[in-house]
Each structure stands twice: as structure tokens, then as C-alpha cells.
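Structure first, then comments.
The values are calculated or read from the model by the stated rules, or taken from the named source; none is laboratory data. The structure presented is a predicted model; accordingly, all values stated were derived computationally and were not measured. Note that each Cβ is placed from the backbone with ideal geometry, even for glycine, and that neighbours are counted across all protein chains shown.
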Amino acid sequence: MTQRPMVTMVCTGNAARSVMAALLLRDRLGDDGPVEVASAGTLVLPGHPMSTRTRAALERHGLADPHHRSRQLELADVHRSSLLLVMEPSHIHWMQRRLPEALPIACSLKRAVQQLPMVSGSTLDERVAALDLVSHEFQPWEEVIDPGAGEQPVFDACIDELSELINELAAILAGFAQ
């Protein structure tokens, strides 16, 4: 049996955006979906639970992960992942300085939703390679705004945006051959 590809959601603290995106994608694809899903952050206080506002936003979508603890993105995650989906330009800048091995598979969630269906290849690895992500310059439209400093309505708006993006991503991933 071959190992399923891994998609890792990446945000700053691994306490809001990446947590929400990962839970949404797991929910859409199911336990036996075409990819495994993980989350991590670039500037993490390891071992912390998600914020209460993240938890409340997830509950609005019928999701929960009481066991989540924040974790730092590491080289092992890069080696295991087929695709790292980032939320803002600072995540790419962090990888450029700290984890350049990640750059060939690091893409914004919004760009992945837009471009993965348009590149050739039957597997996720082939399509990610065809995106030529190392030379990509992050554009302002690609950012998913960090709700971290906001009140509950900001977190709710963030998960609503992520939910729409994840619905599109799940449909794309469901079409890949293993």
C-alpha cells in the first residue's frame, strides 16, 4: 500500500487559520480521502491549544478538535508533504530564511485553488511541481487575513472564507489519481 500524499496547512501560530483550514479539509475529504491533512505554524509556541475564538468559529461549522496542540513547521513536515498551503507572504519569507527546502511545495491556499486545476499531471506531486513555486512571487490577493487580533466576528469571517476555499480545494484533490 502506498502512502497517501500529505497536505499541510501553514499559518503563523498554528492556532487559527491553519487549524481551521485543516479541520475543514479533513471534514470535506473524510478519513479515507485522497490526502492526509496536517497543520503547523512558522512562529509557534509549541503545545498550546487553539484559541477560544478559533474553537467557537469551528463550532459554527460543526467541527471540533479538542486535542489540537500548536506545532512548529519542521523539515520532517516538508519531506512528508506534497503541498504546504500558506496564508500570507510572511510564511513564504520565513521559509526562505529558515526552511528553503519547503519553497518548491509552498503555495498560498488561494493560488492552489486557482491554479492546481489548470496544470497537467495526474498526481498531486506532479501538479505541484508544474506550478514552479520556487519562482512565484506572493500577490496581495492571495492572503487570508489573520484573525488573531480580532474579536469573534473576525474569526467567523475567516472560517467562512476558508470554508469556501476548502470546498474548492477538496473538489480538486478528490480528482487526483493516487
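Output the residues belonging to the stretch 139-176 that are among the acidic types (Asp, Glu), outside any helix (DSSP H, G or I) and surrounded by 14 or more Cβ atoms within 10 Å (Cβ to Cβ).
In the first step, residues of the stretch 139-176 are kept if they are among the acidic types (Asp, Glu); the result is 142-143, 146, 151, 156, 160-161, 164, 168.
Retained after the next criterion (residues that are outside any helix (DSSP H, G or I)): 143, 146, 151.
If the condition is that a residue be among the acidic types (Asp, Glu), outside any helix (DSSP H, G or I) and surrounded by 14 or more Cβ atoms within 10 Å (Cβ to Cβ), then Glu143, Asp146 are the ones that fit.
A count restricted to the stretch 50-61 and to residues that are under 18 Å from the mean Cα position of the chain (by Cα) and over 14 Å from Asp27 (Cβ atoms) stands at 4.
If you filter the stretch 120-161 down to residues that are within 19 Å of Ser81 (Cβ to Cβ) and aliphatic (A, V, I, L, M), you find that the one that is nearest to the chain's Cα centre (by Cα) is Val144. Looking at this structure, is Met87 within 17 Å of Thr8 (Cα to Cα) and not basic (Lys, Arg)? Yes; evaluated as a whole, the condition is true for this residue. In the stretch 76-99, what residues are of a type outside the set (A, V, I, L, M, F, W, C), farther than 24 Å from Leu24 by Cα and in contact with a helix residue (DSSP H, G or I) (Cβ under 9 Å, 6 or more places away or on another chain)? Result: Gln96, single match. The listed residues are Leu99, Leu85, Leu29, Leu43, and the only one of them that is crowded, with 17+ Cβ neighbours inside 10 Å, modelled with pLDDT of 95 or more and farther than 24 Å from Asp132 by Cα turns out to be Leu29.
Looking only at the stretch 24-37, count every residue that is under 20 Å from Met87 (Cβ atoms) and touching a helix residue (DSSP H, G or I) at 6+ places or on another chain (Cβ under 6 Å) and tell me the total. Walk me through it before giving the result.
Restricting attention to the stretch 24-37, the residues satisfying the condition of being under 20 Å from Met87 (Cβ atoms) are 24-29, 35-37.
Now drop any that are not touching a helix residue (DSSP H, G or I) at 6+ places or on another chain (Cβ under 6 Å), which leaves 24-25, 28-29, 35, 37.
Result for the stretch 24-37: 6.
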